[in-house]
1. In whole Hz, with x marking every Gly and Pro, tabulate ³J(HN,Hα) for the stretch 317-333 from phi via Karplus 6.51 cos²θ - 1.76 cosθ + 1.60, θ = phi - 60°.
2. Of Lys110/Lys168; Lys110/Lys258; Lys44/Lys234, which pairs sit farther than 25 Å apart, going by alpha carbon to alpha carbon?
3. Keeping every protein chain in place, order Phe48, Phe109 by accessible area at 1.4 Å, biggest value first, i.e. largest first.
4. Below 8 Å, C-alpha to C-alpha, sequence gap of six or more: please give me the relative contact order for the stretch 243-398 in percent.
5. Please check which bits of the stretch 226-259 a label hung off Ala47 would reach, taking the label as a point 7 Å along Cα-to-C-beta and the cut-off as backbone N under 14 Å.
6. What percent do you get for the relative contact order of the stretch 191-234 when only Cα pairs under 8 Å and 6+ apart count?
7. Count the net charge of all other residues whose Cβ sits under 11 Å from the Cβ of Lys339, scoring Lys and Arg as +1 and Asp and Glu as -1.
8. In whole percent, and with a 1.4 Å probe on the protein chains, what portion of the accessible area of the stretch 127-255 is carbon and sulfur?
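The values are calculated or read from the model by the stated rules, or taken from the named source; none is laboratory data. None of these values were measured; they are calculated from a predicted model. Here the Cβ positions follow ideal geometry from the backbone for every residue, glycine too, while neighbour counts run over all protein chains shown. Side chains are part of the model used for accessible areas, which takes the heavy atoms of the whole protein and leaves out ligands, DNA and RNA. Shrake-Rupley method; radii C 1.70, N 1.55, O 1.52, S 1.80 Å.
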Amino acid sequence: MPLWRRCATAVALAALLPSMASAIPAFARKYGVSCRLCHDPAPKLNAFGEAFAGNGFRFAAAEPPRDTIDTGDPLLELTRNVPLALRVDAYIRAYTEEQGTDFQTPYGFKLLSGGPISNSISYYVYFFLFERGEIGGIEDAFLYFNDLGGAPLDAAVGQFQVSDPMFKRELRLMIDDYMIYRTRVGEQTIDLTYDRGIMTAVDAAGFTLTGEIINGNGRVESTENRRLDDNTFKNLFGHLTRELGSHLRLGAMGYFGKSDGVSAAGVDTLTNDTWMLGADATVSFGPVELNAQYVHREDNVPTFTPGEETARTDGGFAELLVRPAESRFYGFALYNGMKANRPLLDPRAGGPSGVDRYHTLTGGLGHLLRRNIRAYGEATWDFERDEAAFGLGVTAAF
């Protein structure tokens, strides 16, 4: 079947998908407000939504939890009902390569819960009931401590995405991903997605400084000794950002970590040093928002081979969002670009690994069917493989 006919079929069938959801998410349900108070559109956060999350999923810092049971114990606050929500992501994708049309429905189905459990402590967790055809397990899962000691210092302890202080992958509006965050080099498991540890953030002199101490080996199973960290090192991440007026935000990041591995000969145990430096920015004028990220990364023994050349990776992305006021339509574009001096990159996106270049451009249009249901279409061109992918999707939360 010609590609245009496969895409037309996908368009027709995608119209059937929005019936999977019809209600509102947990936080909106709890406070009795519209999803648009925090999202523009969901799951993208607006300024109020960012403040709501920063306050530990409450309207104001130190706000007592709502709808609690009177236990008679001042040290115990229990909500009458545990807040729960569901999110569904369903796609239909067509490719110019031999796979043809793929019904990725559902692609993800997750159960979410979160909220305050005291005046200053909150939690957030979600479980992938279904992800890419199998049980996905827990991704985000952390306790959040707001304004520790009465100071503008927040802390999260648990499992989270290293890149969250820069741009949150889970809140993007397109199917395509922020590839520099998920790409790995050689035999390394170090990336900027999920990891376990402690994240702290403090506001001072107009700056926000975030620091993370993490295991550095991602979301992995425990070893035979029941440990989740596979070596003695702890990796470090830092991010500094400041808003300059109402239209510009600038940020800078740094990462340093180590990982152990055995050489291919099985004789030597080597330690790879990974470090990254980067910059990020957001520029916004009215309905137009431009987000940009750049990262330089170096790994001195990425394949644990004695005497090998240091792997150097440069990459990032640029994201353009157009969200006209009072309109239910929005547009988006995303450019991803990476290059390395050795063919060791693994974008973990279903395509080839062991590459030294990755360049894609995605553009699309979305429409809010309801505040908590959006449909969108996008097209991606891979400059390195001379291939295209077309996607239609529905994201619903209820």
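1. Going residue by residue, I get 8, 10, 10, 10, 10, 10, 10, x, 4, 6, 9, 8, 9, 8, x, 7, 8 Hz, with x marking Gly and Pro.
2. Listed pairs above 25 Å: Lys110/Lys258; Lys44/Lys234.
3. Phe48, Phe109
4. 13 percent.
5. Inside the label zone: 243-249.
6. With pairs under 8 Å counted, the relative contact order is 34 percent.
7. Charge balance in the 11 Å sphere: 0.
8. The computed percentage sits at 58.
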